Structures are given as C-alpha cells and as structure tokens.
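Asker: The structure's right below; bear with me while I get my questions together.
The values are calculated or read from the model by the stated rules, or taken from the named source; none is laboratory data. Given the structure is predicted, the values throughout are model-derived calculations rather than measurements. Ligands, DNA and RNA are excluded from the accessible area calculation, which covers all protein heavy atoms including side chains. Shrake-Rupley method; radii C 1.70, N 1.55, O 1.52, S 1.80 Å.
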Amino acid sequence: GKRLPPSVFLLPPPPEERSGSRPTLSLTCLVRGFFPEAIDVQWQKNQEHIGGSSGSSAAAPDAG
C-alpha cells in the first residue's frame, strides 16, 4: 500500500493530575492515520532521547 505519514497529537495531563501535589505529570502521545501500521515512538527533550521512553507497536489500522 501507499506509505502515509502519521498525524501526531500531544495530549496534556488530566486536570486532576495538574492540580495535585505529585512531582511528575503524565503526557500522552496519540499517533494515527499512518501506513504501514508498525511504528516506533520516542520521547525527546531538546532533541535528545529520554531513556526508557521508547515504544514500538504494530498498531491497529485507522478506522476513520
């Protein structure tokens, strides 16, 4: 099939997490609409890889 680049969305921490006293917050990265379905995702800070933050997946095909 035709290669398609992903659409990437960065979702902020939920409000209850932001208003709490925890020293860390959760970020969610949503990647969709790409082909082929296998993907590698890596978090970076100042263009440097953050250790332990990578993920690989054979994602489900985009339903919409």
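Asker: If you plug each phi of segment 16-30 into the Karplus form 6.51 cos²θ - 1.76 cosθ + 1.60 with θ = phi - 60°, what whole-Hz ³J(HN,Hα) values come out, in order, with x for Gly and Pro?
Answerer: With the stated coefficients, segment 16-30 comes to 5, 6, 5, 8, x, 9, 5, x, 10, 10, 9, 10, 10, 10, 9 Hz.
Asker: Over the Cα atoms of segment 7-49, what Rg and Dmax result, in angstrom?
Answerer: 13.6, 41
Asker: Whole-Hz ³J(HN,Hα) for each residue in segment 45-51, computed from phi via Karplus 6.51 cos²θ - 1.76 cosθ + 1.60 with θ = phi - 60°, x for glycine and proline: what do you get?
Answerer: Along segment 45-51, the couplings run 10, 6, 6, 10, 4, 8, x Hz.
Asker: What whole-number value in Å² describes the accessible area per residue of segment 7-49 for a 1.4 Å probe? Let's see the in-between values first.
Answerer: On the way: 3610 Å² over 43 residues.
Per-residue accessible area for segment 7-49 comes out at 84 Å².
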